[in-house]
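Data first, discussion second: the structure below is written as structure tokens.
The values are calculated or read from the model by the stated rules, or taken from the named source; none is laboratory data. Just so you know, these numbers come straight off a predicted model, no measurement behind them. Every residue, glycine as well, gets a Cβ built from its backbone with ideal geometry; the counts of neighbours run over all protein chains shown.
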């Protein structure tokens, strides 16, 4: 039996090594994860931006599907997510954007993006409170809220590509409201 040329053998070895690591690489990528129906949005005190009296997170999305967008001024991927939202063609309708970080950075980030997402509702809250209450391992995060402010799905980590962002958010916001939720 003839021996395989050295080049082919080396290529086959690399393919086997790569195949062994693919499951690990796939697991490291962010993904949309369904959230248990029993999981209601925790109560958080959110302060409207630029100014306003605090409201409860339970007041978000009471009659329609909405998306809670959580961004951190200290995380570069948060800026990327806001740029994707701006580029998606959305006016921000149905988006509740919560920015965490130092107050001056929060206000600057909101001013930078608010004109391109004029229908979005903008809030801030302490980062430690948001992360622990929502059990978020990282930011930014997108959380689909059903009409009763229940958490239906979440996407955490590096933002998805523009087409997936547009499809994920647009598809969720366009869902019909079940008659029992009205």
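Things worth noting here:
- Set 2, 23, 42, 48: member being at pLDDT 55 or above and exposed (fewer than 14 other Cβ atoms within 10 Å of the Cβ): 48
- Count of segment 51-74 residues which are in a loop (DSSP other than H, G, I, E, B) and either surrounded by fewer than 18 Cβ atoms within 10 Å (Cβ to Cβ) or modelled with pLDDT under 85 (or both): 10
- Looking only at segment 149-179, residues that are modelled with pLDDT under 90 and assigned to a helix (DSSP H, G or I) come to 1 in all.
- Yes/no for residue 90 being buried (at least 21 other Cβ atoms within 10 Å of the Cβ) and either touching a helix residue (DSSP H, G or I) at 6+ places or on another chain (Cβ under 7 Å) or part of a loop (DSSP other than H, G, I, E, B) (or both): yes
- Taken across segment 100-114, residues that are outside any helix (DSSP H, G or I), buried (at least 21 other Cβ atoms within 10 Å of the Cβ) and touching a strand residue (DSSP E or B) at 6+ places or on another chain (Cβ under 6 Å) do occur, with at least one present.
- Test set (1) touching a helix residue (DSSP H, G or I) at 6+ places or on another chain (Cβ under 9 Å); (2) surrounded by fewer than 21 Cβ atoms within 10 Å (Cβ to Cβ); (3) at pLDDT below 90; (4) within 24 Å of residue 177 (Cα to Cα) - residue 136 fails condition number: (4)
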